[in-house]
Amino acid sequence: MVALAVFQRATGEQLWRMLRPHHRHDRITRNALNDLRRRGLVRAESRLPSGHQLWVLTVRGHAEAKSMLPAGMRMSALRPGPPAGGAQERPRGAGGFDAHAAAVTATAAHLIGAGFGTVLSCETEVAHKLPYGYTQYADLVLRAPDAGVPVLLVEVDRGTEPVDELVAKLRRYAEWFRLPATRSGTDVQRAAWDGAEAHGFRLWSRVYPATGREGFPPVAFVFTDTTAARRKARMERFADAARAFWRGRRYPDLGDGVTAVDYHQAVPVVVTELERIAEHGADGPVWWRLSRGSWQTLTEALDNPDGDRLYKAERAAADVRAKERMAAEREARRPVCSRCAGASSDDRWEMVQSHRLPQGHNAAWCGPCQDTETARTTAEQLTRAWDARLEAGLCVRQARNRPVAGGSGLEGEYGDRAPPPRGRRQPRREAGGGLAPRAEDCRASPNVAVEAAWPSAARRGLVWRRPPLLLSRASRSRGASSGWRHQ
């Protein structure tokens, strides 16, 4: 009775598929219908060309079924019955309305039997009011979030209407999907946006649950009651005529290889045949998503693998390629050292570009080469300075050690000062009276050569420190080096 309250008309076979799909035959539902008829709760409305009877609720059954439905759930309209008695109580031949209602119920039965929701997940003849006074009725609205279909609007086509009328239905759905949730200026402006955030300000998001996918709620068109060739031709004509509503837009081409499609403002449209889902099941590859070239399952057809997910992946790959390209271009611009042909470091390159090099540094050299050259130049300057100082000291020493006429030869060294105390090592003199440091003493200890060249160095507390520098040839020949430092 609940199923008849939702769908208004149903055959015993359809009720069997919806309510008892695990049973091998529909006998159980036919027996239950006959029992309800004897109680005056249902009646046989008409007989289909296939021989199946269409059952509807009576007035008494309609009232009783209303108490069985959850609060707030919409019931189908009550079908007026024939007067009691007479031959009119027999099922009459099904007309166009009965055949269409039976096709809608058959579609719902196959969906429910395949696991897409239950009887309470369905509504029939759902109204969608448009601002200009027209109301678009959906044959069936299915809500099965557990099966991956939060909402699905179903239209059944028996080939009795031109294809243009099907396109007009899809156009009216698209217009209703774009209606703002309220008439406030802010909602109207935001509902007119093109991005995904616009759906939160549209009316459909207040009526139906979020789809979890890009675009508007999906619409399914089920074709039946004609030959297979006619159904195929009709579906192809409909796909071509309705292209403006289901086709997505390409994301802006920035030359980065992005091929994803923007479906945020498109209506996802899937089509199938009632005969196909009856043969293979509604959960099989029996759905064709317009814009694709193969049959898929319902969830696969509703998904958008070439939409946002592909766009994010392609954008990430494009960003990686862009960073690699920028890094390669930067490396190509990196200056090369003119001395060692090596690449400059980032810090050195930045100093050159910002003109922050110390005075005397060569911008064409890398950091290690500049450090080596600076060390070499400093060593040469120190060597020359100490060589010049040592030369001056030797000249003064030779002048002071020159013997005085008539003297003992020691006046040139000590003059009027007292001689050194006894036991102190006296410097060796040359034949002319001057001091001559021995070569072996100079090699053994640099201080020997220093004391020989500058006797007052010991009194001043100067100590020789051998620096890690190269000595000039003149310094090595005298056994002296170039480094003085106070202790």
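The values are calculated or read from the model by the stated rules, or taken from the named source; none is laboratory data. Just so it is clear, the model here is predicted, and its values are computed rather than measured. Counting neighbours? That spans all protein chains shown, and the Cβs are built from the backbone with ideal geometry, glycine included. Each accessible area value is taken on the protein alone, full model and side chains, heavy atoms only, with ligands, DNA and RNA left out. Shrake-Rupley method; radii C 1.70, N 1.55, O 1.52, S 1.80 Å.
Some values worked out for this structure:
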item	result
Computed log₁₀ I(q)/I(0) - Debye formula, equal Cα scatterers, no solvent, segment 116-256, q 0.16, 0.19 Å⁻¹	-0.98, -1.27
Residue (of Val119, Val219, Pro162) at the positive-pole extreme of segment 108-263, dipole from beta-carbon charges	Pro162
Heavy-atom accessible area order for Tyr311, Tyr263, largest first, 1.4 Å probe	Tyr311, Tyr263
Rg and Dmax [Cα atoms of segment 211-270; Å; Rg one decimal, Dmax integer]	15.0, 49
Pairwise centroid distance, computed over Cα atoms, of segment 260-337 with segment 204-249, Å	19
Accessible surface of Ser354 - all protein chains present, 1.4 Å probe, nearest 10 Å²	50
Rounded accessible area of Glu125 (nearest 10 Å², 1.4 Å probe)	80
Heavy-atom accessible area ranking, 1.4 Å probe, most first, across Thr224, Thr377	Thr377, Thr224
Computed magnitude of the charge dipole of segment 3-47 (debye, nearest 20; Cβ of K, R +1, Cβ of D, E -1)	120
Dmax and Rg, reported as Rg then Dmax, of segment 105-177 (C-alpha, Å)	13.3, 39
Accessible area (Å², 1.4 Å probe, nearest 10) - Lys232	120
Taking the convex hull of Cα positions in segment 236-342, its mean projected area over all directions (nm²)	9.8
Accessible surface, 1.4 Å probe, highest first, among residues Arg231, Arg30	Arg30, Arg231
Under Karplus coefficients 6.51, -1.76 and 1.60, residue-wise ³J(HN,Hα) of segment 34-41 in Hz, glycine/proline x	5, 5, 5, 5, 5, 8, x, 9
Candidate lysines for bridging to Lys312, where Cα separation is under 30 Å - those fewer than 8 sequence places away on the same chain excluded	Lys323
Sulfur and carbon atoms: percent of accessible area, segment 1-70 [1.4 Å]	51
